[in-house]
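Each reported figure results from applying straightforward, stated rules to the coordinates on display, with no laboratory input. Bear in mind that the values here come from a model prediction, so they are computed numbers and not experimental data. For neighbour counting, all protein chains shown are included, and Cβ atoms are generated from backbone atoms with ideal geometry for every residue, glycine included.
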Amino acid sequence: MDSFYQLIEAIANTDPKYYLIVAVAISLLFFLYAISLSIQFRSLQKKYNHMIKGSEKRNLSELFDEYFDRIDDLKKMKDDLQSEIDDAKSLAAAGLHHIGIVRYSAYPDVGGDLSFSVALLDGDYSGILITSIFGRDESRTYAKPIIRAESTYKLTSEEQEAIRRASLPRTFTRRGSRKNSLENKF
């Protein structure tokens, strides 16, 4: 405690011109600090004005409430869209994914490969096989169920080939790139 009193006594006995220098130095420090605070305040004010831009609410609390309501609405919309995407995926899984067709002449005296077998299969390689046999006097059409690329009915070699073609792995390309690859062939 004595050292504190000694410090005060030393300051009191100091030359008054030093008081002026210390006061100017402290004032200069406070002035620089005030400028720094002013720059930070302007930066915050710009950010605040940008955040409330376009909103008739000028209260930050009301603005945040509005933003949180929007976020809740977006979450609900996202959940609704995800539900619709899941429905679309299940519908797409039930659709046709694999198609194979074979054209041939069923009879030696009939040309032109007018007979055909077409396999229409879903993602599980199940679906239907349609065969049309064209003859000179008559034409017949048959439909056979296909379950996992097999049928309980006897299949001709052409029908088996249609199923095999439908079961081949597919690579999908854009129409433009396919066109370009076809142009390069010719």
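Please state which one of Leu96, Leu20, Leu28 is in a loop (DSSP other than H, G, I, E, B) and surrounded by 10 or more Cβ atoms within 10 Å (Cβ to Cβ).
On the way: Leu20 fails: in a loop (DSSP other than H, G, I, E, B); Leu28 fails: in a loop (DSSP other than H, G, I, E, B).
Every option except Leu96 fails the conditions.
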For Val110, the lone unmet condition from (1) surrounded by 10 or more Cβ atoms within 10 Å (Cβ to Cβ); (2) assigned to a helix (DSSP H, G or I); (3) over 28 Å from the mean Cα position of the chain (by Cα) is (2)
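Kindly establish whether Gln45 is among the polar types (S, T, N, Q) and either within 30 Å of Gly127 (Cβ to Cβ) or touching a residue at least 24 places away in the same chain (Cβ under 8 Å) (or both).
Details: among the polar types (S, T, N, Q): yes; either within 30 Å of Gly127 (Cβ to Cβ) or touching a residue at least 24 places away in the same chain (Cβ under 8 Å) (or both): no.
No.
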